[in-house]
Amino acid sequence: MPPAASLRPHPLLERLRRRWLGPLFDRLGYDLVPAVPDWTHRPLSRRETEALIAAAAARLDADLAACGLSLPGGTGPAVAAFWDLIGGAPVAQRRGGNGFNGALQLYVLMRALQPRVVIESGVFRGLTTWITRQACPEAEILCFDPDLSGLRYRDARARYHARDWWSCDLHGLDLSQGVAFFDDHISQARRVLEARERGLTRLIFDDDAAAHRLHAHGGPAFPTIAMLMDPAGGTEPVRWRRNGREFVYRPDGEEARTARAAIATAHAFDDLHAATGYSPARITYVALAPPASGDPT
Ligand SMILES: C[S@@+](CC[C@H](N)C(=O)[O-])C[C@H]1O[C@@H](n2cnc3c(N)ncnc32)[C@H](O)[C@@H]1O
């Protein structure tokens, strides 16, 4: 599907940016670039399109298998369906949210998991809500983000809450068949423990990065799942600098220990860059140990 006309930069604005605004921002130390999503750039010839779809499907098949999941007939048909869908996405974003690869992984995971209820924490413009709706047309979707002012896609059947999911009363909602997608820049250990407390066992995290890669991420949430599960993690503090600010994480805390113990399996998906050429994704699937009978939910 060709990109919607609204996703192309306006020719007049583009000329203004190149001639005047771009050089001015450059002198001030900023990049001014059009908010064109990465999927507007794509192969047009059949052989290359098929190669991209096959390469992505091969990696996604292996990732789903590592999670104990699958799609009937493999992920090939889902990747092909996504390829046709994404050109019509109602949200154009270049930064601040998922691009092609992360959106594709979310789509395939949601199709494999088929949740009845989806908790989405970290909505931003709404791209990932739209992806979830395409994958699960019947799901009840609950969206949480303290700042919903940037929404570009509002799902007609989703419920929106401008607050943290943990401060919302969800009694009466059966989350045992649900899936939570956390893309909210909050400690992933904290989200694991909150999810367990509410009876969720199937979690998807964005922005999962190993400790030695965290410096490259904007607004890092830590500890990440990779930091929690690092067998060589030790007890030494982890330190890094980003945008002139120093961060430190001490891995021996109670929260990290309890969250680690709650995780049955965690699998970081291939970043898909080698398969598709698009920006690397950072999606991880986490399965929690089922609650023991008698545990509060
Ligand atoms: C990376 S963006 C989400 C991007 C979106 N999922 C996508 O891929 O298009 C992170 C969002 O988390 C939101 N956020 C910050 N604190 C939060 C919280 N406590 N609960 C839920 N969302 C939060 C921010 O307002 C921001 O919109």
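Quick note: the coordinates plus some simple rules give every number you see, no bench work behind them. These figures come from a predicted structure and were not determined experimentally. Positions of Cβ are generated from backbone atoms using ideal geometry, with glycine treated the same way; all protein chains shown enter the neighbour counts.
Of the trypsin sites (Lys or Arg not before Pro) found in region 65-149, the ones in coil according to DSSP and having at most 16 other Cβ atoms within 10 Å of their Cβ are Arg94, Arg95, Arg116.
What GluC sites (Glu not before Pro) in region 98-164 are in a loop by DSSP, with at most 16 other Cβ atoms within 10 Å of the Cβ? Show your work: numbers first, answer last.
Values: sites: Glu120, Glu138, Glu140; in loops: Glu138.
Sites meeting the loop and neighbour criteria: Glu138.
Just round it to a whole percent: the fraction of Cα-Cα distances in region 1-127 exceeding 22 Å. Tail of the P(r) past 22 Å holds 49 percent of the pairs. Is the shape of region 224-288 rounded, prolate or oblate, going by the alpha carbon gyration tensor and its root eigenvalues a ≥ b ≥ c, with a/c under 1.5 for rounded and a/b larger than b/c for prolate? Because a/c hits 1.5 or more and a/b fails to exceed b/c, region 224-288 counts as oblate. Listed from fewest to most Cβ neighbours within 10 Å, the set Asp252, Asp63 follows the order Asp252, Asp63.
If each residue of separation counts as 0.36 nm, what is the full-extension length gain between Ser149 and Leu170 once their alpha-carbon separation is subtracted? Mind dumping the intermediate values first?
Numbers: separation 21, 0.36 × 21 = 7.56 nm, distance 2.34 nm.
Contour length minus the Cα-Cα distance gives 5.2 nm.
Picking from Asp84, Asp169, Asp206, which is most flexible by a Gaussian network model of the chain using Cα springs under 10 Å? Among Asp84, Asp169, Asp206, the largest mean-square fluctuation in the Gaussian network model of the chain belongs to Asp169. Cα centroid separation, region 50-69 to region 132-151: 25 Å.
Note that the chain shows a convex hull volume over its alpha carbon atoms of 152 Å³ per residue.
This ranking places Ser149, Ser176 by how few other beta-carbon atoms lie within 10 Å of each, fewest first, which gives Ser149, Ser176. Based on the Kirkwood radius over alpha-carbon pairs, what is the Stokes-Einstein translational diffusion coefficient of region 164-233 at 25 °C with 0.890 mPa s viscosity, in µm²/s? My calculation gives 189 µm²/s for D.
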